[in-house]
1. Please report, ordered by residue number, every helix of the chain (full DSSP H runs) that is 18 Å or longer along its axis going by C-alpha atoms and whose mean Kyte-Doolittle hydropathy reaches 0.5.
2. Rounded, prolate or oblate: pick one for the range 21-90, where a ≥ b ≥ c are the square roots of the eigenvalues of its C-alpha gyration tensor, a/c under 1.5 means rounded, and failing that, prolate if a/b is larger than b/c, else oblate.
3. Points 7 angstrom from Cα along the Cβ direction at ASN118 and THR167: gap in nanometres?
4. Along the positive direction of the dipole of the range 3-180 (beta-carbon charges: Lys, Arg +1; Asp, Glu -1; about the Cα centre), which of ALA127, LEU169, ILE33 reaches farthest?
5. In debye to the nearest 20, how big a dipole does the range 3-180 give about its Cα centre with +1 on each Lys and Arg Cβ and -1 on each Asp and Glu Cβ?
6. Divide by every residue of the chain the summed helix terms, -39500 (n - 2.57) for each DSSP H run of at least 4, and state the resulting mean residue ellipticity at 222 nm, rounded to the nearest 500 deg cm²/dmol.
7. Rg(Cα) of the range 3-180 divided by 2.2 N^0.38 Å?
Amino acid sequence: MSDLAQTFRRSGLPKRISGNTVMLIIAPVAYGIVSWLILQSAGNPPVHFRINVTPFIEAAFVVKLHVLGAVIAFIVGIVLLRGVKGSGLHRKLGYTWVAAMALTAISSFFITGLNGHNFSFIHGISAWTVITLPMAVAAARRRNFRKHAKGMTGAFVGGLVIAGLFTFLPGRMLWSIFFAV
């Protein structure tokens, strides 16, 4: 065995990289490219960090409900991913997380009609989340914990991290809350 192969084997790095890990690497790169392209098409205006909650306050009720569900799901999801699995607390927090994710995903379908635009790829992630959640819950009930973990982690990464990242594109409401041109 070569020295490089032995070093890799001793490094403790995973021999196989999961799809979620690949998505966590690709999504920020894609986000950066898309943001750069959007800003370039707008004449490359200077961007300044500032917080202005006016767009959120003036947003429709369904948008506020959507953001509330996403924030709850994100916080509870981090607790679940970091905490002990299989406990009663995990189960209770898990159902809370599923409800918050369902609220976030379902409410996203009503947001598109507010601004007159069509559905985006983020709505595709929402549809995927609505399908994945009950399947992952059923897997846990059948004691197929590997499938359960894969489904729930995928919903967290795709439905919250990646979709959430792309809600911060220039020109979108969340971007306008934190950045000014």
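1. What comes out of the filter, once short or polar helices are dropped, is 19-41, 61-82, 88-115, 121-141.
2. oblate
3. Between ASN118 and THR167, the simple spin-label model gives 2.3 nm.
4. ALA127
5. About 1080 debye.
6. It lands at -22500 deg cm²/dmol.
7. Compactness ratio reported: 1.19.
Laboratory data are not the source of any read-out in this text; all were calculated from the coordinates shown. Note that this is a predicted model, so its numbers are computed, not measured. Every residue, glycine among them, receives a Cβ derived from its backbone with ideal geometry; neighbour counts consider all protein chains shown.
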